[in-house]
Every structure is written in structure tokens, then in C-alpha cells.
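Here is the structure we will look at.
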Amino acid sequence: MIKFSIVTITYNAAQALPRTVESVLRQTWPHVEHIIVDGASKDDTVAVAEDYARRSDDSGCGHKVFVMSEPDRGLYDAMNKGLRRVTGDYVLFLNAGDFFPSDDTLEAVVRGGRLEQTPSGEWPAVLYGDTDIVDGEGRYLRPRRLRPPRRLTWRSFMHGMLVCHQAFYARTDIARDITYDLSYRYSADVDWCIRVMKEARRRRLLLVNVGRTVACYTEEGQTTLHHRDSLRERYRVMTSHYGHVVTLLMHCWFVIRAFFYRFRKAPTLSR
């Protein structure tokens, strides 16, 4: 049976973490390990995580929860720690405040990826889907503006991060060997996804759209809070993969696209 490894990074996230762990606990797919990597929080985050681990054991749902808490060098260092610990067939990152949209999300990923009908050696390198945006209280706001394409390749991200990190399920045997680049503070996830997809191309493995929303993403993340720095860093990431000329041209298009998106969304005045 296919096993999913979920990695959740926390730091002083006692208020947001329950929303995440409850959505994992309710998953009907039994083969799940949930690794919570905490950065030595000063609030009740660890207590929340350990209580969740106890409840998961008592529920008999089949999920295994591991909690670790120690100082780290930031978000992506913590993600690398999580990668070193995973043992499932696919790994995904669901950070504090993010959650699954339904109790059968992981079942739907298995069905959408046709994993049970495919030999394990031929499983897709990446399973991916849509993302909904929620506010800090977990209330639905809208679908993510950038939508995943039906056919994804490593070149797709030159048009922007078309698949949200939380909706990107990577095969563990690939993901574990591709660590997050700690020279990036805000966009190492973009770089990591591209490198995973490049490795998929090298191995001639598929990237499969499972055809449904697979993650709810909290809008107030680090990329949102540090938007300008994130954009600069993302430019560096794209340049490293696609070259200077292509990256410059694509960013000119991003500016035009953003202008028309805002213009279309602007309220109209009625007489």
C-alpha cells in the first residue's frame, strides 16, 4: 500500500497547528506518517504536537506521528531535517495553518495518480493538484490564481510557480536526494520543485495532475510577508534554471499580466 510522509514545519505556531494536524488525523487513508519539525518554539506548539501524537496513537487510524524540536537555521533547514526522516513513498510539505480540503484527499491522490494500478517502480515522480487560499483563521478566500497545467514539465515554472508547494507530492526516493538550497531564504521551494522535475525528466518518469484540489494554503506565509525580497530571490532561481534572457522576458510578461489581473478585478462604479 502507498504510504504518504507529511512534513510540517513549526515555530511558535500553537494557534495555527491544530488546523493542520486535525486535517491529517481525519484522513481516511491509513498509511500516513506525519513528521513535525519544530524550531524550538517558545509557546505551546510542542505541547499541541505531542497531544496530537497521543490522540493519533489512541485513534487506531494507522497514522504514525513523530515530533522533534530543536533550534534550526530557518524554514528550509527544517525542511531538510524532515526529508532526512521520511520513510513513505511520497512526501509533501503541509506547514502550520495549511490543511487538506477534505477527509479523503489522500485517497483521491491515490486514485487520481492511478497508483494502485501501476507497478511501484513506474509510479509518477510527482503528483500534483489545485490549491485553495484561506485566511489566517482557515476560512476559504478563493482558488489560487496560478493554476496547475494539465501537462507539467520542469520548464512550466518559467511562467511562475504553477503548482503550490503544498500541492506538490514528490516521490520520496527522488526528493530525499534533492535538499533545499539554504542560500535562498524565501524561494528554495521553487528551486527544489524545479530540480525534482528535472530529475523526473532524467528518469523519464511522469508528472501527474490528480484532477482536484489537494491543499488549502494559508495566505500569510513568509513569501507574502516578505514579498519584495521573495520576488528578487525568485528571479535568481529562475535565472539559474532558465537563463537571463528568458527570465527577463518572462518577468516583463508577469508585470503585464499582474496589471491586467488587477484591472479586471477592480470594482466598477455604478451611477
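With respect to the conditions (1) open to solvent by 30 Å² or more (accessible area, probe 1.4 Å); (2) at pLDDT 95 or above; (3) more than 24 Å from Pro18 (Cα to Cα), Pro101 falls short on a single one, namely (3). When segment 162-175 is filtered for residues that are open to solvent by 10 Å² or more (accessible area, probe 1.4 Å), in contact with a Leu (Cβ under 8 Å, 6 or more places away or on another chain) and over 12 Å from Asp130 (Cα atoms), only Arg171 remains.
Taking residues in segment 144-170 that are part of a helix (DSSP H, G or I), and partners anywhere that are among the aliphatic types (A, V, I, L, M) and open to solvent by 20 Å² or more (accessible area, probe 1.4 Å), the pairs with Cβ atoms closer than 8 Å and at least 6 places apart or on different chains are Ser156/Leu162; Met158/Val246; Met158/Met250; His159/Met250. Among the residues of segment 108-143, those identified as surrounded by 15 or more Cβ atoms within 10 Å (Cβ to Cβ) and either free of Cβ contacts under 8 Å to residues at least 24 places away in the same chain or among the hydrophobic types (A, V, I, L, M, F, W, C) (or both) are Ala108, Val109, Val110, Leu115, Trp123, Ala125, Val126, Leu127, Ile133, Val134. When Asp181 is tested against (1) part of a loop (DSSP other than H, G, I, E, B); (2) crowded, with 21+ Cβ neighbours inside 10 Å, exactly one condition is not met: (2).
Residues checked against (1) within 18 Å of Gly129 (Cβ to Cβ); (2) in a helix (DSSP H, G or I); (3) in contact (Cβ under 8 Å) with a residue 24 or more places away in the chain; (4) open to solvent by 10 Å² or more (accessible area, probe 1.4 Å):
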position: Arg185; (1), (2), (3), (4): no, no, yes, yes
position: Asp189; (1), (2), (3), (4): yes, yes, yes, yes
position: Lys198; (1), (2), (3), (4): no, yes, yes, yes
position: Leu205; (1), (2), (3), (4): yes, no, yes, yes
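I'm trying to understand the selection: among the residues of segment 1-55, which are touching a Gly at 6+ places or on another chain (Cβ under 9 Å), more than 16 Å from Asp72 (Cα to Cα) and of a type outside the set (Val, Ile, Thr)? Passing the criteria: Lys3, Phe4, Ser5, Gln15, Ala16, Leu17, Arg19, Trp29, Pro30, His31, Glu33. In this structure, Asp38 does not qualify as more than 26 Å from Arg139 (Cα to Cα), over 14 Å from the mean Cα position of the chain (by Cα), buried (at least 17 other Cβ atoms within 10 Å of the Cβ) and acidic (Asp, Glu). On the stretch given as segment 9-35, residues that are open to solvent by 40 Å² or more (accessible area, probe 1.4 Å) and over 18 Å from Arg85 (Cβ atoms) total 8. Exactly one residue out of Arg114, Arg171 is at positive phi and not hydroxyl-bearing (Ser, Thr, Tyr), and it is Arg114. Screening segment 207-233 for residues that are assigned to a helix (DSSP H, G or I) and within 22 Å of Gly129 (Cβ to Cβ) and picking the one that is farthest from the chain's Cα centre (by Cα) gives Thr224.
Annotation: of all residues in segment 41-61 being closer than 19 Å to Gly88 by Cα and in contact with a Leu (Cβ under 8 Å, 6 or more places away or on another chain), the one that is surrounded by the fewest Cβ atoms within 10 Å (Cβ to Cβ) is Cys61.
Would you confirm whether any residue within segment 1-14 is in contact with a strand residue (DSSP E or B) (Cβ under 7 Å, 6 or more places away or on another chain) and in a helix (DSSP H, G or I)? No.
The values are calculated or read from the model by the stated rules, or taken from the named source; none is laboratory data. Just so it is clear, the model here is predicted, and its values are computed rather than measured. Counting neighbours? That spans all protein chains shown, and the Cβs are built from the backbone with ideal geometry, glycine included. Please note that ligands, DNA and RNA were not included when accessible areas were found on the heavy atoms of the full protein model with its side chains. Shrake-Rupley method; radii C 1.70, N 1.55, O 1.52, S 1.80 Å.
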